[in-house]
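Bear in mind that the values in this text are calculations on the coordinates, not laboratory data. Predicted, not measured: the structure shown is a model, and the values here were computed from it. Here the Cβ positions follow ideal geometry from the backbone for every residue, glycine too, while neighbour counts run over all protein chains shown.
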Amino acid sequence: MADKVIISKKIGAKFDLWYGFFTPGAYAEPHSHDFEQAFFILRGEINFIVNGEKKAVGPNTAVYIPPGEVHSLKNERMDMAELLVVSMTGK
């Protein structure tokens with residue numbers, strides 16, 4: 001995933017907000033975090049696998065990932081997908 005940080009805890013925020021895009025075939029390997037994440041799909045479709053359950057998510061749809069949940073993402077379509085990602089990394 002290519003991304004651009006829009007808001008960061010470096011400026012005092014308690015979260016990071018990223019704009020990202022997945023080119024066709026792009027993916028993020030299964031992983032987990034000790035913080036919450038939320039994804040909002042702007043364009044295209046992303047396949048999420050969360051704790052072994054696969055779900056295709058399209059535009060104007062959000063996905064919430066609680067801390068510790070194993071998840072991966074993949075663009076299995078032929079067009080680019082764009083999304084916003086919020087990571088609650090700060091305190």
Tally, over segment 1-30, of residues that are closer than 21 Å to E76 by Cβ and either acidic (D, E) or in contact with a helix residue (DSSP H, G or I) (Cβ under 8 Å, 6 or more places away or on another chain) (or both): 2
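Name the strands (runs of 3 or more DSSP E) wholly within segment 38-91 that hold at least 1 residues that are surrounded by 15 or more Cβ atoms within 10 Å (Cβ to Cβ) and touching a residue at least 24 places away in the same chain (Cβ under 8 Å)? Break it down stepwise before answering.
Details: elements: 46-50, 53-57, 61-65, 71-74, 81-87.
By residue number, 46-50, 61-65, 71-74, 81-87.
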